């Protein structure tokens, strides 16, 4: 008798299988509509340092914290917005590769035909005092030739203690 019921149940389920697949949005767990991408794990004794960029949540960008790239390419009807995004990504990768382990943050500002790159460095004295000036000039010259516009790089040197915004 149990075998007959199980066969009957399987046939019954097979007849409604397409509707079960369509209605698969029924869940028994609670719905969580929270973004977890930018959340940092809290340490036991609040000893983990966070910079200002890390301390802000991703949904606060634009009203609590400004963007790290300033340009008018994202306005409605503006052509070539994707090119500016790729150029900014190229600038970031080039600067991070040129100033390897010397740069903690990069801000890119575009004004007319001038690209200003503001880089914060937490290295007080790099190995070889002339090296930083050479790398700045080298980067400005290569980026200007590649992007076909004037590129200015400004280095802001900060101490490691001042770079921490809060501890979690």
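List of remarks:
- Restricting attention to region 44-96, the residues that are in a helix (DSSP H, G or I), over 19 Å from residue 119 (Cβ atoms) and free of Cβ contacts under 8 Å to residues at least 12 places away in the same chain total 5.
Residues checked against (1) over 30 Å from residue 47 (Cβ atoms); (2) within 22 Å of the chain's Cα centre (by Cα); (3) at pLDDT 90 or above:
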{"position": "77", "(1), (2), (3)": "yes, no, no"}
{"position": "96", "(1), (2), (3)": "no, yes, yes"}
{"position": "100", "(1), (2), (3)": "no, yes, no"}
{"position": "111", "(1), (2), (3)": "yes, no, no"}
{"position": "145", "(1), (2), (3)": "yes, no, yes"}
{"position": "150", "(1), (2), (3)": "yes, no, yes"}
{"position": "153", "(1), (2), (3)": "yes, yes, yes"}
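The values are calculated or read from the model by the stated rules, or taken from the named source; none is laboratory data. A quick note: this is a predicted structure, and the numbers were derived from the prediction, not measured. Positions of Cβ are generated from backbone atoms using ideal geometry, with glycine treated the same way; all protein chains shown enter the neighbour counts.
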